[in-house]
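Following: one structure in structure tokens, then a few remarks.
The values are calculated or read from the model by the stated rules, or taken from the named source; none is laboratory data. Please read all numbers here as calculations on a predicted model, not as lab measurements. When we count neighbours, we look across all protein chains shown, and the Cβ atoms used for this are built from the backbone with ideal geometry, even at glycine.
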Amino acid sequence: MKHIKTLNGATLVKSAIKGGCGECQTSCQSACKTSCTVANQECENK
Amino acid sequence: MIHKFNQGGKYIVIDVNSGSVHVVDELVYNILDYYPNMSSNEIIKCLSSDFSNEDIDEAIKEIEILKNEGLLFHKDTYLEHESFKNRKPVVKALCLHVSHDCNIRCKYCFASQGDFKGQRALMDIEIGKKSIDFLLNNSGNRKNLEVDFFGGEPLMNFEVVKEIVTYGRDKEKEYGKNIRFTTTTNGVLLDDEKMEFINEHMHNVVLSLDGRESVNDFMRYTINGKGTYEMIIPKLLKMAELRNHENYYVRGTFTGFNLDFSKDVLHMADLGFKHISVEPVVAEPHHDYAIKEEDLPTVFNHYESLAEEYLKRRNKGNGFNFFHFMIDLNQGPCVIKRISGCGAGSEYIAVTPEGDIYPCHQFVGNTDFRIGSVFDNTIDKDIYESFSEAHVYNKEKCNSCWAKFYCSGGCHANAYNFNKDIMVPYDIGCEMEKKRIECALTVQAKLSEEE
């Protein structure tokens with residue numbers, strides 16, 4: 001495409017298919033302990 | 001729903017519901033002010049003074065291709081998705097308050113200088129063991145569990161920490177689980193023996209430091225009023241070295257007194273730390289150190305300048321990780337987790353030295369939120385369910401917000417502290433979070449350019 005560069009596809013749609021296993025780290029435990037940024041967590045079920 | 005922004009010379013478009021992120025040119029960026037509400041001819045009329053008709057037409061066609069591929073204007077269907085409807089939260093993470101006492105005093109401490117508005121107290125091993133049992137018995141089929149030693153200052157009760165780890169290691173085998181222990185510490189009591197134990201047994205360590213000496217010492221000082229910087233820096237650096245600069249964070253808080261916090265982040269990077277998290281203080285406006293609405297433009301400028309420097313250093317080979325700029329666009333958490341949020345009060349609970357259970361560390365001390373005790377192995381169902389249901393679709397403000405799948409509804413405790421309702425997010429926190437996400441995506445856009 002000339003006008004648009006896509007960085008990533010429909011990752012959320014795909015993630016729903018086998019999502020919700022709950023094995024990933026609790027977001028608040030990771031580094032912040034006050035404000036949530038969930039999107040920078042890692043999936044345990046890649 | 002889409003969200004678009006222009007930062008650092010990049011025009012970025014987020015397709016909120018699919019999760020797709022696009023870097024576009026100025027023309028597409030402008031077309032999206034009108035598309036899909038106007039026809040192609042109407043859009044051409046609006047933009048023809050700045051762009052050729054052919055280019056506008058071509059750009060609209062590209063937008064339509066992405067729309068047809070489900071990468072723009074994707075509908076939100078997750079609420080009805082089986083994975084979401086069938087989710088069954090179980091307790092999988094403990095914040096273990098092994099010490100309601102602290103050896104330093106911090107002006108902004110939400111724990112009321114360590115005692116959480118109660119008696120100064122240390123957890124005994126029996127309560128520690130009961131907490132581990134509670135976790136193991138209430139974690140259903142989840143294999144990976146977490147236990148964070150927290151306080152006050154957890155190293156003030158280090159013998160009990162060691163005993164709890166030993167107990168947990170024995171019990172996890174029996175239950176077929178994997179417990180990841182972590183600890184948060186102000187570093188004052190770190191010595192060789194504690195470092196060795198922590199490095200052997202703890203999956204992650206959060207080391208508290210606010211940044212520049214003057215900034216740190218203004219907020220973080222000993223009981224005698226002496227700043228902690230000089231005392232802790234050699235210990236924190238040694239700890240980072242011993243961990244091969246992996247699986248730790250130096251974690252600071254910035255306040256209204258250091259709105260130029262980007263300098264504190266860079267100071268920590270200059271000291272040699274590789275994993276850094278600096279968070280805005282959460283404080284009501286009457287505190288002199290609170291971050292107020294009028295401070296937001298300054299805060300935003302510092303996030304932007306930090307993003308630029310973050311990239312520069314990375315390109316020069318002396319990069320560092322800043323917690324809030326880390327977004328994995330391809331392998332981040334699933335949308336079900338992003339809807340559900342931090343998990344406080346459902347998947348994540350805090351246990352006090354007395355064995356009382358609260359939804360998270362931020363609610364400890366507010367007895368309205370006491371949801372049970374490790375002694376009776378029960379949880380108040382009403383409170384538990386209200387937290388389990390506090391997801392982005394049930395929060396009116398989040399439902400229409402573009403950032404909902406990045407922040408996942410924000411911190412319930414912040415919402416409660418400011419609005420007395422866990423379903424109404426804390427506005428200033430939301431604005432800062434949105435800016436951090438935009439910075440993180442700008443970083444990704446620029447990195448992709450270099451690949």
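Across region B:1-53, the number of residues qualifying as over 22 Å from B:Leu71 (Cβ atoms), more than 14 Å from chain A (Cβ to nearest Cβ) and of a type in the set (A, V, I, L, M, F, W, C) comes to 2. B:Tyr108 passes every criterion in (1) in contact with a strand residue (DSSP E or B) (Cβ under 9 Å, 6 or more places away or on another chain); (2) away from every other protein chain (no Cβ under 11 Å); (3) surrounded by 15 or more Cβ atoms within 10 Å (Cβ to Cβ) apart from (2). Every test in (1) out of contact with any His (no Cβ under 7 Å at 6 or more places or on another chain); (2) surrounded by 15 or more Cβ atoms within 10 Å (Cβ to Cβ); (3) at the interface with another protein chain (Cβ under 8 Å from one of its Cβ atoms) is passed by B:Asp295 save one, and that test is (3).
Listed by first and then second residue, the pairs linking a residue in region B:220-241 that is hydroxyl-bearing (Ser, Thr, Tyr) to a residue that is surrounded by fewer than 16 Cβ atoms within 10 Å (Cβ to Cβ) and at pLDDT below 95, with Cβ atoms under 8 Å apart and 6 or more places separating them unless they lie on different chains, are B:Thr228/B:Thr222. For region B:310-331, enumerate the residues that are part of a loop (DSSP other than H, G, I, E, B) and either under 13 Å from B:Phe273 (Cα atoms) or within 10 Å of chain A (Cβ to nearest Cβ) (or both). Within region B:310-331, B:Asn318, B:Gly319, B:Phe320, B:Met326, B:Ile327, B:Asp328, B:Leu329, B:Asn330, B:Gln331 qualify. Screening B:Gly272 with (1) surrounded by 22 or more Cβ atoms within 10 Å (Cβ to Cβ); (2) under 19 Å from B:Asn186 (Cα atoms) gives one miss only, at (1).
B:Leu447 passes every criterion in (1) surrounded by 17 or more Cβ atoms within 10 Å (Cβ to Cβ); (2) facing another protein chain (nearest Cβ under 10 Å) apart from (1).
Let's see how each residue does on (1) part of a strand (DSSP E or B); (2) touching a residue at least 24 places away in the same chain (Cβ under 8 Å):
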residue	(1), (2)
B:Ser346	no, yes
B:Ile349	yes, yes
B:Glu354	no, yes
B:Gln362	no, yes
B:Asp368	no, no
B:Asp376	no, no
B:Asp382	no, no
B:Phe387	no, yes
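Yes/no matrix, rows are residues, columns are (1) within 11 Å of another protein chain (Cβ to nearest Cβ); (2) of a type in the set (Ser, Thr, Tyr); (3) touching a strand residue (DSSP E or B) at 6+ places or on another chain (Cβ under 7 Å); (4) surrounded by fewer than 23 Cβ atoms within 10 Å (Cβ to Cβ):
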{"site": "B:Gly341", "(1), (2), (3), (4)": "yes, no, no, no"}
{"site": "B:Ile349", "(1), (2), (3), (4)": "yes, no, yes, no"}
{"site": "B:Thr352", "(1), (2), (3), (4)": "no, yes, yes, no"}
{"site": "B:Gly355", "(1), (2), (3), (4)": "no, no, yes, yes"}
{"site": "B:His361", "(1), (2), (3), (4)": "yes, no, yes, no"}
{"site": "B:Gly365", "(1), (2), (3), (4)": "no, no, no, yes"}
{"site": "B:Arg370", "(1), (2), (3), (4)": "no, no, yes, yes"}
{"site": "B:Asp376", "(1), (2), (3), (4)": "no, no, no, yes"}
{"site": "B:Ile379", "(1), (2), (3), (4)": "no, no, yes, yes"}
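Looking at B:Lys435, B:Lys397, just one residue is basic (Lys, Arg), surrounded by fewer than 18 Cβ atoms within 10 Å (Cβ to Cβ) and either in contact with a strand residue (DSSP E or B) (Cβ under 9 Å, 6 or more places away or on another chain) or assigned to a helix (DSSP H, G or I) (or both), and that residue is B:Lys397. When the test is whether a residue is within 14 Å of another protein chain (Cβ to nearest Cβ), touching a residue at least 60 places away in the same chain (Cβ under 8 Å), under 30 Å from B:Val281 (Cα atoms) and not acidic (Asp, Glu), B:Phe150 passes it. Going residue by residue through region A:3-20, is there one that turns out to be surrounded by fewer than 21 Cβ atoms within 10 Å (Cβ to Cβ), more than 7 Å from chain B (Cβ to nearest Cβ), in a loop (DSSP other than H, G, I, E, B) and at pLDDT 85 or above? No: region A:3-20 contains no residue that is surrounded by fewer than 21 Cβ atoms within 10 Å (Cβ to Cβ), more than 7 Å from chain B (Cβ to nearest Cβ), in a loop (DSSP other than H, G, I, E, B) and at pLDDT 85 or above.
Elements of the type helices (runs of 4 or more DSSP H) sitting completely within region B:13-104 and holding at least 3 residues that are free of Cβ contacts under 8 Å to residues at least 12 places away in the same chain and surrounded by fewer than 17 Cβ atoms within 10 Å (Cβ to Cβ): these cover B:40-47, B:53-68.
Restricting attention to region B:398-412 and to residues that are more than 7 Å from chain A (Cβ to nearest Cβ) and either more than 16 Å from A:Gln41 (Cα to Cα) or among the hydrophobic types (A, V, I, L, M, F, W, C) (or both), the residue that is nearest to the chain's Cα centre (by Cα) turns out to be B:His412.
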